[in-house]
Amino acid sequence: MAEVVLIPKKEIDIKLEAEAITPDAFAGKSAEEIGKLEIWQGPKTYPLAEFFDVERNEEDFAGETAENVLIRIKGDMLRVKKIGEGMTAGRIEIEGSAGMHVGAGMKGGEILVSGDADSWAGMEMEGGLLQIKGNAGDHVGCAYRGSWHGMKGGRIVIEGSARHQLGGGMDGGEIFVEGNVEGFCGIRQTGGLIAVRGGALRTVGVEMSGGTLLIGGRIERFSPGFECVGSETGPAFGDFEYAGEFKKFAGDFAISKRAKGVLYVAADANPGL
């Protein structure tokens, strides 16, 4: 696999918009050509080499495809937006945290974030794998402003916690969170799977009409539009298993009497439900 290494040259003040950092854009290019790709800072564009040293491990890159490209970014990228946006194949490894919109609209390939991820990670994602070793901000896998349709496919794995509106408008795919979430998790969900091993603050699954949502900890304020339809012990989704008894709810009937959303809630952590 061809490896392209990006090393930050300096501290970044005004945030960058770097949707050019994808295996698709880098495939078949020399280090010099990659350095000439344009990224935005405020109202102006600059070559990538203005902010990063670019290194390649191969000289022969004729016929190279995105599938064969690994991009390794050495440093914290919290002030760099849109890394991996729309990528279709290959792999990106960020040795630090990632800025807003990491993996937004990605269709394939893999992104590994060793630290935290800012808001809108995996926004409207269609395929591939986005793995975040730390915490994530608001709107992970969510629909963007003015759109009703969020994540459609692929998988997002967050080993820490996430904030508000996780999976908002989600149509498909999978989101797994090992920690906790805050408000509006799964709002307007129509398909796919969201599984949270920890707890949630409030408004879980509001306006959902389809898909599956699981909360393994305490829900501080439960939404009123759900009806208990049974219980299940140790639900599992692929290689993710959840021990204990879960109450199974259908809803959200506050938005539609024909809603087909399924909400699993840990029984021991929510004895009042």
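Miscellaneous remarks
- Listed by first and then second residue, the pairs with beta-carbon distance under 9 Å, at least 6 apart or on different chains, first residue in the stretch 1-15 and free of Cβ contacts under 8 Å to residues at least 40 places away in the same chain and among the basic types (Lys, Arg), second assigned to a loop (DSSP other than H, G, I, E, B) and surrounded by 13 or more Cβ atoms within 10 Å (Cβ to Cβ), form an empty list.
- All of Lys257, Lys248 fail the test of being of a type in the set (Lys, Arg), within 23 Å of Gly172 (Cα to Cα) and not in a loop (DSSP other than H, G, I, E, B), apart from Lys248.
- As a summary of the residue check, Gly179 satisfies the conditions (1) closer than 16 Å to Leu214 by Cβ; (2) crowded, with 20+ Cβ neighbours inside 10 Å; (3) of a type outside the set (A, V, I, L, M) except for the one numbered (2).
- Number of the exception - Leu70 against (1) touching a Lys or Arg at 6+ places or on another chain (Cβ under 7 Å); (2) part of a loop (DSSP other than H, G, I, E, B); (3) among the hydrophobic types (A, V, I, L, M, F, W, C); (4) over 19 Å from Asp171 (Cβ atoms): (2)
- Some residue of the stretch 112-121 being touching a Phe, Trp or Tyr at 6+ places or on another chain (Cβ under 8 Å) and either more than 24 Å from Ile14 (Cα to Cα) or surrounded by fewer than 20 Cβ atoms within 10 Å (Cβ to Cβ) (or both): no
- Meets criteria (in a loop (DSSP other than H, G, I, E, B) and either at pLDDT 95 or above or acidic (Asp, Glu) (or both)) for Gly205: yes
- Within the stretch 141-183, the set of residues being under 10 Å from the mean Cα position of the chain (by Cα), under 14 Å from Gly105 (Cβ atoms) and part of a loop (DSSP other than H, G, I, E, B) comprises Gly141, Cys142, Met151, Gly154.
- The stretch 239-261: number of residues that are under 26 Å from the mean Cα position of the chain (by Cα), touching a residue at least 40 places away in the same chain (Cβ under 8 Å) and surrounded by fewer than 19 Cβ atoms within 10 Å (Cβ to Cβ): 2
- Any hit, the stretch 195-202, residues being surrounded by 22 or more Cβ atoms within 10 Å (Cβ to Cβ), assigned to a strand (DSSP E or B), touching a residue at least 60 places away in the same chain (Cβ under 8 Å) and within 17 Å of the chain's Cα centre (by Cα): no
- Any hit, the stretch 128-140, residues being within 9 Å of the chain's Cα centre (by Cα), surrounded by 21 or more Cβ atoms within 10 Å (Cβ to Cβ) and not in a strand (DSSP E or B): yes
- Just one of the listed residues (Met106, Met87) is touching a Ser or Thr at 6+ places or on another chain (Cβ under 7 Å), in contact (Cβ under 8 Å) with a residue 40 or more places away in the chain, closer than 29 Å to Val157 by Cβ and not in a strand (DSSP E or B), and it is Met87.
- Where a residue in the stretch 63-84 is at positive phi and its partner, wherever it lies, is assigned to a loop (DSSP other than H, G, I, E, B) and charged (D, E, K, R), with Cβ under 6 Å and at least six apart: Lys82/Glu19
- Matching residues in the stretch 60-75 - criterion: being modelled with pLDDT under 95 and farther than 13 Å from Gly28 by Cβ: Gly75
- Any chance Gly90 is buried (at least 24 other Cβ atoms within 10 Å of the Cβ) and touching a helix residue (DSSP H, G or I) at 6+ places or on another chain (Cβ under 6 Å): yes
The values are calculated or read from the model by the stated rules, or taken from the named source; none is laboratory data. The shown structure was predicted, so the numbers you read here are calculated from the model rather than taken from an experiment. Backbone-built Cβ (ideal geometry, glycine too); neighbour counts: all protein chains shown.
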